[in-house]
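Values in this text are rule-based calculations from the coordinates and carry no lab data. Computed from a prediction, not measured in an experiment: that's the story for all the values here. Cβ: placed from backbone, ideal geometry, glycine included. Neighbour counts: every protein chain shown.
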Amino acid sequence: MNTSIVLVSAVLASLASGVLAAYGICISMFRLFRIHARQVAAERQARTAAVITAQPGN
């Protein structure tokens, strides 16, 4: 009986640590994607501003 409780506890602890590790990986990847999206948006905005200023009559 005691062995079963220890085994179940070890399985649950392993599962919890795996879920927490996956959560940490997901959060860090979303932060990286957010940084990348901001860089792309800034580049697109700069490119649009350059096209607008390069048009004749501006």
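Once phi is turned into ³J(HN,Hα) by the Karplus curve 6.51 cos²θ - 1.76 cosθ + 1.60 with θ = phi - 60°, what whole-Hz value does each residue of the range 25-40 show in order, with x for glycine and proline?
So the J values, rounded to whole Hz, are 5, 4, 4, 5, 5, 5, 5, 5, 5, 5, 4, 5, 4, 5, 5, 5.
Springs between alpha-carbon atoms under 10 Å, Gaussian network over the chain: tell me which of 13, 37, 21 tops the mean-square fluctuations.
Judging by the Gaussian network model, the answer is 13.
Are there chymotrypsin sites (Phe, Trp or Tyr not before Pro) in the range 1-51 that DSSP marks as loop and that have at most 10 other Cβ atoms within 10 Å, and which are they?
Numbers: sites: 23, 30, 33; in loops: none.
Taking the range 1-51 and a limit of 10 other Cβ atoms within 10 Å, no loop chymotrypsin sites (Phe, Trp or Tyr not before Pro) are found.
Once every DSSP H run of n ≥ 4 in the chain is given -39500 (n - 2.57) and the sum is divided by its residues, what mean residue ellipticity at 222 nm do you get, rounded to the nearest 500 deg cm²/dmol?
Numbers: 1 runs with 53 residues, N = 58.
Estimated from H runs of four or more residues: -34500 deg cm²/dmol.
Could you give the length gained on full extension between residue 20 and residue 4, defined as 0.36 nm per residue of separation minus the Cα-Cα distance, in nm? Show your work: numbers first, answer last.
Details: separation 16, 0.36 × 16 = 5.76 nm, distance 2.42 nm.
Extra length from residue 20 to residue 4 when fully extended: 3.3 nm.
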